[in-house]
Amino acid sequence: MKKVRLVALALAGALSHPSAAPAQFATSVVSYNAGLGFSAGFTNAAAALGAPAAGSSVNPLSPPFSKSQLVSLGTNGSLTLEFDPPIVNNPSDPFGVDFIIFENSFFQITNGNFSGGGITSGAIGGNNPGATRVAVSADGAAWFTLNPNLAPTVDGIFPTDGFGDPQIPTDPALLGADFAGLGLPGIRALYQGSAGGTGFDLAWAQDSNGVPVNLPIARYVRIDVLTGKSEVDAIAETRGATPCLAEDFVNNPANDGWKIFGDTNLFQWNPVNHELAVTWDSSQANSYFYHPLGSILTTNDDFSVSFDLVVNDNNASGSFELAVGLLNFAEASSTNFSRATGAAPDVFEFDYFPDGGYGPSIDATVSDSTVTLEDDSHFYFAYDELPLALGTTFHVTLSHAAGQAGITGEVTTNGALYSAVDNLYPGPITQLRLDTVAIMNYSAAGDTYGDSLLAHGTVKNIVVALPLPPVRNFAGGLAAGAWQGQFLSRSNWIYTVQKSANLQNWSNASPALPGTGALVNWQDTNAAAAHLYYRVSAAPAN
């Protein structure tokens, strides 16, 4: 019998996160105060770490109940948990829910059948009728309360289902009355695969004056019980419809996959302030602090990049920029790549020109794959002739919509819109190949106008929202004497299944297969070797 190994490889392989794995669940206890009136014996705060209780014994009619599953908080009690990696304010999170708190509430059974055939009225038992407060923090020092007018009470609806997915929230529009008259199958039908729990959104964060704040990343979650009592089982980060790469610079970025190309002195990690100190010096060679995306982004994809930027000082002459965004690393690291001359293909970036020749300018720029020194017309940019105040934190978001040629930008400060970056120069953009997020220091070499820049500042809280990987759920097996397999594809990608007997020499096992956004099936009718390995090569169609 032949043996096969399936190796899911692609030009845009699996998504890389700047840490070993998504946060998923809380990883450590920062602090715990049981408060007054807590449940005796339920004081092991570590019970709230990891995944919520699962299995057949836990469902919305039969909650978790053991001391190894729950930690109790009474009035004035508090529990602070850390996530490593952090929770991300992902715009693709279902129902806008970024994380879910699991407790031990349950639907009350009204038909007296507690052996598996219970029917509920939709009333919640075991929950906290009092008041709670949930706060979040990126660094453990600055805390922001989630708007109490929006945040639900911890230890309420929805009771945990041990068979559900704890990273999928239940529709928060559902009410207890929607479950009236339902048994376990009906409850699970409304849960739609969720494990229940109470959902929260980082977008609800506000300061002590009730002013909304933009918090792209949260590493810490604190639960305060103001009145009553709550039992906490776990906290889970939701799984967005699209993955994210996120970096808050709490840990050494070199250990999270970040690298430096060019002058290493231009980029210094600050472990105290959790930020990257950057020098933009146009007298130096092209240099990048960068992280591979693990995917190739094209004009057919939805994606965005956001970050916090502070410019501390600048000395500019003429039109030269500091930049943060996305690029094609192979092109950007080549010797003929030059933003000074315009020969800079495949960039998608935020640019700030302290002296744009006519005053300061905020820009969002994208360049086509076809840009060359001879033809540098394939630029599309939006701009706003505004300065960035020195020492002020600005939150920048750049977005691309699938099928669109351009770029949109937004700059906020203190939660308020500063610039919509909406003055357009719509140059022709037909194709993109972006594979790296970077903080860019561009060289002025070759600039014929004498433009230059020396600036210092910081960058932190980088989030890149990405499309799904082009190859997912790669599987196969022997059927009718031939190796057959399948994988989930993406539209506008071309796939080729390849095989090898030694993982060194590869040959095509299929013709070029167009992606459809659905399952692609393949078959190898000539699997002659005793041991075979298969992989999928994927490339954008245009």
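Rounded, prolate or oblate: which fits segment 208-338, taking a ≥ b ≥ c as square roots of the Cα gyration tensor eigenvalues, rounded meaning a/c under 1.5, else prolate when a/b beats b/c?
Prolate, since a/c reaches 1.5 and a/b exceeds b/c.
Convert each backbone phi in segment 93-110 into a coupling constant with the Karplus relation 6.51 cos²θ - 1.76 cosθ + 1.60 (shift: θ = phi - 60°), then list the ³J(HN,Hα) values in order as whole Hz, x for Gly and Pro.
4, x, 6, x, 8, 9, 8, 10, 9, 9, 10, 10, 6, 7, 7, 6, 8, 10
Could you give each residue of segment 243-253 its phi-based ³J(HN,Hα) in whole Hz, using Karplus coefficients 6.51, -1.76, 1.60 with θ = phi - 60°, and x for Gly or Pro?
Calculated HN-Hα couplings, in order: x, 10, 9, 9, 9, 10, 6, 6, 9, 4, x Hz.
For the chain, what is the accessible area per residue in Å², given a 1.4 Å probe and the full set of protein chains?
40
Rounded to the nearest 500, what is the 222 nm mean residue ellipticity of the chain from helices alone, with -39500 (n - 2.57) per DSSP H run of 4+ residues and division by all residues?
Helix-only estimate at 222 nm: -500 deg cm²/dmol.
Taking the Cα atoms of segment 118-210, what is the range of coordinates along each of the three principal axes, in descending order and whole Å?
So the extents along the principal axes, rounded to whole Å, are 46, 26, 20.
Could you go through segment 402-414 in sequence order and give the Karplus-derived ³J(HN,Hα) for each residue, using 6.51 cos²θ - 1.76 cosθ + 1.60 with θ = phi - 60°, rounded to whole Hz, and x for Gly and Pro?
In residue order, the calculated couplings are 4, x, 8, 8, x, 9, 10, x, 8, 10, 10, 8, 6 Hz.
Under a point spin-label approximation (7 Å from Cα along Cα-to-Cβ), what is the residue 211-residue 113 distance to one decimal in nm?
About 5.8 nm, to one decimal.
What's the Kirkwood radius of the chain in Å, using all Cα pairs?
In the chain this quantity evaluates to 25.6 Å.
Just tell me which aspartates and glutamates come within less than 15 Å, Cα to Cα, of residue 460; anything on the same chain fewer than 8 places away is out.
Correct list for residue 460: 139, 247, 248, 256, 275, 308.
If I model a spin label as a point 7 Å beyond the Cα along the Cα-Cβ vector, how far apart are those points for residue 255 and residue 171 in nm?
Computed distance between label sites residue 255 and residue 171 equals 4.4 nm.
Taking amide H positions as placed in the peptide plane 1.01 Å from N, state which residues far from residue 300 in sequence (5 or more) or on other chains have amide H under 5 Å from it.
For residue 300, the qualifying residues are 403.
Of all accessible surface on the chain at a 1.4 Å probe, what whole percent is carbon and sulfur?
Taking all protein chains in place, the chain shows 52 percent carbon and sulfur surface.
Counting only residues 5 or more places away or on other chains, whose amide H sits under 5 Å from the amide H of residue 181 once H atoms are built in the peptide plane?
Those qualifying (amide H under 5 Å, at least 5 residues apart or on another chain) are 120, 121, 122.
With each pseudo-label sitting 7 Å past Cα toward Cβ, what's the residue 149-residue 507 distance in nm, one decimal?
Simple spin-label model gives 7.0 nm for this pair.
In segment 56-137, which chymotrypsin sites (Phe, Trp or Tyr not before Pro) are in a loop and have at most 11 other Cβ atoms within 10 Å, using DSSP for the loop call?
114
How far, in nm, would the chain grow between residue 472 and residue 178 when pulled straight, counting 0.36 nm per residue and subtracting the alpha carbon separation?
102.3 nm
The values are calculated or read from the model by the stated rules, or taken from the named source; none is laboratory data. Owing to the predicted nature of the structure, the values given are computational and were not obtained by experimental measurement. Please note: Cβ atoms are built from the backbone with ideal geometry, for glycine as well, and neighbour counts cover all protein chains shown. Calculation scope for accessible area: heavy atoms of the full protein, side chains included, ligands and nucleic acids excluded. Shrake-Rupley method; radii C 1.70, N 1.55, O 1.52, S 1.80 Å.
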